[in-house]
Ligand code: NDP
């Protein structure tokens, strides 16, 4: 199908309707992808109306079509000797400003739509970091829950036997995401190294012993907290003493909680796919360490017992009275009803740790209510930023100290904040959604224009 749909519209609204109609026709049955593109286009289309070179260059139309998408069979044997088959993917969305870069997700909900939304978001996020990284995303509809270590290893190895031919340090450098942490990256790197006979930085999130970067594990959660702090400081406010709600209990959530505690905020909750843990007096560093160990062992929060903690099965944290919220579990965890609940709970600021945790209806509601809103592509960019620093260290054959990487991360989050202010400030008010979308778009769009029609 031709991608140019004669959107010779007189207004940005008409252009948006025409563009989204074409996108939905070309990508049927992909609601998450439609949602992510709609969110970006809402900000970018008015901007390109003021800068027609981007319309003439068909930048938005070209950017919303991935460079390529590979889908493959992943066969593996479980501990009972049964043959199991999953579907693996890699979406290589754009290598305009660097090699494809983005995580791998292992979760039963993974499909083409979810990975295309994640890969599309990654374009703008990676551009915002100011670093030379393009955009990709991948994974499989494999559920790591309840699998033995040996099963995880066999799955990762089988997955890499196909993926290896599509990646490489200058081509595509995957990292972790939901269900893919240090253990999975290690198994995949081991297999990559064996079949390619090369020791190169073809994955990030690697173990420190074999080319990983200090702070990579912490980077998304720490970066989220730094970004929130920048936003609050811009309003002459801060994190100290603020009551915070965090959802999720994985990589992003754990290190967001760690940094929030360090900043003397009071974290009242975390959650997992079973329910929510409410800690009215605030999570302490000691309690967080216990929770980390517990989750590392693959256990559910419902079985976590400690004084001062109340577990609520099937519940999210949004009804707890608080000042700030950090949704850090998964996409669409905050719908319009949740957004209303959050505001009733007194929340004045929402900072997205997960990718697209808020539906577009929830975001519109936050905007109407003047809630300080930090969108994922800016707020959670710390993870990919440190992945890029891992690539730099691999390239020069050096390992930087913890303080240096942390200092770089803080500088990058500050710069992203400034970019958001530059493109999103209007009448003394910053719309971080507009700022992040346009700030991310301009860099990639200008590079695309300079390449000509490729
Ligand atoms: P993890 O797998 O480490 O943790 C995910 C957490 O969210 C777990 O506690 C999990 O519960 C919970 N969760 C997952 N799916 C659901 C669901 N459908 N409903 C309720 N809870 C759910 O993943 P990460 O922390 O790495 O990722 C979390 C989010 O952050 C994702 O959106 C990811 O794309 C995004 N992100 C991650 C980055 C990273 O560096 N890791 C970088 C940028 C964004 P349970 O423990 O029960 O499985």
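No lab work stands behind these numbers, since they all come straight from the coordinates. If you're wondering where the values come from, they're calculated on a predicted model, not measured in any experiment. Cβ atoms come from the backbone with ideal geometry, glycine included; neighbour counts cover every protein chain shown.
Structure summary
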read-out	value
FRET efficiency for residue 305 and residue 360, using Cβ-Cβ distance with R0 set to 45 Å, rounded to 0.05	0.70
Neighbour-count ranking [beta-carbon atoms within 10 angstrom, fewest first] of 11, 129	11, 129
Rg to Rh, two decimals, where the range 219-374 supplies the alpha carbon set and Rh follows Kirkwood	0.94
For 210, 226, order by how many other beta-carbon atoms lie within 10 Å, fewest first	210, 226
Centroid-to-centroid separation of the range 331-382 and the range 409-454 [C-alpha atoms, Å]	20
Computed [θ] at 222 nm, helices only, for the chain once each DSSP H run of length n ≥ 4 contributes -39500 (n - 2.57)	-15000 deg cm²/dmol
Within the chain, percent of DSSP bridges classed antiparallel, to nearest 5	60
P(r) weight above 23 Å for the range 219-306, C-alpha pairs, percent	19
Fully extended contour minus Cα-Cα distance, from residue 285 to residue 235, at 0.36 nm per residue	15.2 nm
Two-decimal log10 I(q)/I(0) for the range 298-352, as the Debye equation yields it once each C-alpha is a single scatterer, q = 0.12, 0.15, 0.28 Å⁻¹	-0.33, -0.51, -1.17
Relative compactness, the chain, computed as alpha-carbon Rg over 2.2 N^0.38 Å	0.94
Peptide ranges 401-411, 116-126, 270-280 listed from the most packed, as the mean C-beta count within 10 angstrom indicates	116-126, 270-280, 401-411
Cα-only Debye scattering, the range 313-454: base-10 log of I(q)/I(0) at q = 0.09, 0.10, 0.18 Å⁻¹	-0.36, -0.44, -1.08
For q = 0.13, 0.18, 0.21 Å⁻¹, Debye-computed log10 I/I(0) when each Cα of the range 4-63 counts as one equal scatterer	-0.29, -0.57, -0.78
Rule-of-thumb Rg ratio for the range 68-200 [Cα; 2.2 N^0.38 Å; N residues]	1.02
Exposure proxy ranking, count of Cβ atoms within 10 Å, fewest first, for 384, 252, 171	171, 384, 252
